[in-house]
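Here's the structure we're looking at; comments come further down.
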Amino acid sequence: MIAVIQTPPVGPSATSIGTTNPVAIGFFLLFISITLGITYWAARKTKTTEQFFAAGRSISAGQNGWALAGDYMSAASFLGIAGLVSTTGFDGLIYSTGWLVGWPVVLFLIAEPLRNLGRYTFADVVALHRRQKPIRVAAAIGTLATVIFYLIAQMVGAGSLIKLMFGLTYETAVVVVGAVMILYVLVGGMIATTWVQIVKAVLLLSGAFLLAMLVLSRFGMSPTALFAAAADKYGAGVLAPGKQVANPWDAVSLGMALMFGTAGLPHILMRFFTVPDSQAARKSVVYATGLIGSFYLLTFIIGFGAMVLVGPDAIRAVDKGGNMAAPLLAEVLGGTPFLGFIAAVAFATILAVVAGLTLSGAAALSHDLWVNVVRNGHAGGEEQLRIARGATVVLGIMAIVLGITFKGQNVAFMVSLAFAIAASGNFPALCLAVFWRRATTAGLLASMVVGTLTTLTLIYLSPTIQIDILKHASAWFPLKNPALVTIPLSFLVGVVVSLLTSKRAIDEISRFEERERQMMWGA
Amino acid sequence: MPNSMRALARLRWRVAISLTAVMMAVYFGFILLLAFNKPLAGSLVAPGLSLGILLGALVIVATWILTLGYTRWANRRYDPALERLKREAGR
């Protein structure tokens with residue numbers, strides 16, 4: 001899986017990447033002041049737990065659509081896909097499509113039931129009418145595992161990216177990202193986080209749109225003329241699938257993790273609690289799918305543009321992973337000022353994503369673990385808010401520490417790990433809990449535990465860890481991504497254990513109609 | 001039109017699962033073509049446009065069509081049916 005890979009610039013080159021860029025710093029400071037202004041405004045509207053975690057259910061469908069897109073379009077998908085396309089051609093499209101096809105699944109199966117059945121976290125939905133403690137603990141572990149692996153990838157990416165683009169040290173970059181993000185979430189809660197996502201999504205989409213249009217203007221506004229130029233220069237192979245689909249089962253397994261992982265990502269699921277009703281939840285996914293799909297089409301143009309106008313060798317010379325393709329292209333097309341703008345957009349992108357992740361982690365710690373497990377559901381409003389803010393600070397500091405700890409490590413696999421856990425640990429239990437009459441506490445618990453543990457184990461035994469990182473000669477498990485095995489297994493375990501325990505869970509099963517009614521009508 | 005809560009819930013579930021299956025078929029069909037027939041995926045359908053790129057763009061268009069199709073169904077059929085049930089229950 002692509003993520004921002006940390007490699008220092010190799011030798012001198014014609015680019016100003018890696019030196020301090022006043023335009024980039026100017027744009028970045030502008031973004032920070034606007035978003036901190038929003039945070040200050042949001043702080044006055046953030047007085048209750050419902051406002052802190054769910055923006056008082058006041059976000060409109062359109063706003064939530066943009067915010068979902070903002071939460072989802074990470075630096076990995078902007079810089080990573082553009083980089084992959086610019087160095088390998090066609091293969092980047094496999095990721096673009098994979099990251100998009102999860103959204104219809106979210107719409108059909110998850111968005112509306114989630115909005116009507118839960119309050120702040122997806123654990124609310126899984127635990128409804130069932131035994132709270134075991135389910136909350138398991139769901140919180142699934143949430144925190146997803147959030148932490150995702151956070152590590154983002155923080156390490158942030159550090160090396162900012163080092164490359166702004167000339168700051170790695171540690172300074174990580175601390176700046178962590179500190180600003182804590183401020184957004186701590187002070188402004190979900191309202192500030194939502195608006196940071198919206199501002200970032202608008203910036204990112206307009207930056208990508210501008211970049212793609214500048215590329216196309218060199219090719220008579222025709223994408224096929226651009227592809228033809230790439231094929232002329234680097235061979236027809238750049239228009240055909242290559243190494244990424246060397247093993248078909250790997251491709252299918254990765255596809256399953258991407259498709260169902262989106263429907264299990266806690267920071268995405270949490271966004272559906274911010275809208276007033278299930279119709280708004282539904283509409284917001286339509287907006288998000290439109291925006292994210294357009295964005296991926298643009299990154300494809302940007303990637304091929306960078307291949308033709310910058311060249312794969314020049315891109316690899318700056319960063320081995322190809323992550324600097326989009327910024328380099330911006331420099332070729334619009335000089336240092338445009339490079340500065342794109343660099344600032346990439347920074348803003350990371351900031352917004354980590355803010356969303358941290359808020360969903362804080363919800364799991366305070367709402368699921370503290371309020372519903374430690375305090376048995378009896379915690380006052382003040383206390384809930386205090387714990388939520390404390391959890392935000394703890395997670396923020398943890399993100400900074402982990403970011404610095406993993407400096408220089410290959411963390412690219414952690415994004416795919418997060419998706420695999422979301423797809424195998426969170427999604428099957430959520431699906432069974434909503435749609436299946438006979439799902440019992442024990443069954444859902446078993447599904448979450450088995451899904452998460454087998455994912456962690458099989459990733460440890462996979463070629464990614466055994467061969468690429470530990471440098472062993474072979475790996476016990478053949479697939480890079482375990483989703484092909486772990487998603488069906490997690491469903492199967494959930495079903496079998498539910499059936500075995502159905503006699504002891506007659507009360508849970510008998511309340512299915514009540515749940516179904518709430519799923520359709522709302523609480 | 002369904003005349004009870006259960007029937008409407010079942011209808012929604014059937015629509016949701018069918019559309020999910022269509023999405024899976026489209027996407028995994030695309031992936032399997034790439035994996036098992038690379039030369040075909042690389043063949044040009046127009047100058048500069050390989051079949052793989054065309055189909056990839058169509059997968060993105062398919063997600064738009066499916067989400068819009070579902071929303072249209074939900075707005076025109078599901079929501080009004082649910083409203084009717086609510087009114088009947090309120091009486």
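Here A:Phe219 qualifies as more than 8 Å from chain B (Cβ to nearest Cβ), crowded, with 20+ Cβ neighbours inside 10 Å and either over 11 Å from A:Phe304 (Cβ atoms) or not β-branched (Val, Ile, Thr) (or both). Close Cβ contacts (under 8 Å, 6 or more residues apart or on different chains) running from residues in region B:8-34 that are at the interface with chain A (Cβ under 7 Å from one of its Cβ atoms) to residues that are surrounded by 20 or more Cβ atoms within 10 Å (Cβ to Cβ) and among the polar types (S, T, N, Q) comprise B:Met23/B:Thr63; B:Tyr27/A:Thr97; B:Phe30/A:Thr97.
Where helices (runs of 4 or more DSSP H) fall wholly inside region A:244-337, the ranges with 2 or more residues that are within 11 Å of chain B (Cβ to nearest Cβ) are A:248-261, A:278-309.
Note on region A:474-483: residues that are touching a Phe, Trp or Tyr at 6+ places or on another chain (Cβ under 9 Å) and buried (at least 19 other Cβ atoms within 10 Å of the Cβ) total 4. Say whether the condition of being assigned to a helix (DSSP H, G or I) and within 9 Å of another protein chain (Cβ to nearest Cβ) is met by at least one residue in region B:43-50. No, every residue in region B:43-50 fails to be assigned to a helix (DSSP H, G or I) and within 9 Å of another protein chain (Cβ to nearest Cβ). Considering every residue within region A:455-471, establish whether at least one is under 30 Å from A:Leu117 (Cα atoms) and surrounded by 17 or more Cβ atoms within 10 Å (Cβ to Cβ). Looking through region A:455-471, at least one residue is under 30 Å from A:Leu117 (Cα atoms) and surrounded by 17 or more Cβ atoms within 10 Å (Cβ to Cβ).
Restrict the check to region B:69-88 and report whether at least one residue is surrounded by 14 or more Cβ atoms within 10 Å (Cβ to Cβ), under 20 Å from A:Ser294 (Cβ atoms) and within 7 Å of chain A (Cβ to nearest Cβ). Yes, that holds for at least one residue.
When A:Ala231 is tested against (1) among the small types (Gly, Ala, Ser); (2) assigned to a helix (DSSP H, G or I); (3) more than 8 Å from chain B (Cβ to nearest Cβ); (4) over 31 Å from the mean Cα position of the chain (by Cα), only condition (3) is not met.
Rundown of residues vs (1) away from chain B (no Cβ under 14 Å); (2) farther than 30 Å from A:Asp468 by Cβ; (3) at pLDDT 95 or above, yes/no style:
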site	(1), (2), (3)
A:Asn481	no, no, no
A:Val493	yes, no, yes
A:Glu508	yes, yes, no
A:Arg515	no, yes, no
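The residue pairs whose first member lies in region A:346-357 and is buried (at least 24 other Cβ atoms within 10 Å of the Cβ), whose second member is aliphatic (A, V, I, L, M) and not in a helix (DSSP H, G or I), and whose beta carbons are closer than 8 Å, counting only pairs six or more residues apart or on different chains, are A:Thr349/A:Met73. Here A:Leu128, A:Leu93, A:Leu151, A:Leu144 are screened, and the one residue that is within 14 Å of another protein chain (Cβ to nearest Cβ) and either farther than 21 Å from A:Thr299 by Cβ or buried (at least 24 other Cβ atoms within 10 Å of the Cβ) (or both) is A:Leu93. The listed residues are A:Ala251, A:Ala240, A:Ala306, A:Ala230, and the only one of them that is in contact (Cβ under 8 Å) with a residue 24 or more places away in the chain, over 30 Å from A:Thr392 (Cα atoms) and in contact with a Lys or Arg (Cβ under 7 Å, 6 or more places away or on another chain) turns out to be A:Ala240.
The values are calculated or read from the model by the stated rules, or taken from the named source; none is laboratory data. Worth saying up front: this structure is predicted, and the values here are computed from it rather than measured. All Cβ positions, glycine included, derive from the backbone under ideal geometry; neighbour counts span all protein chains shown.
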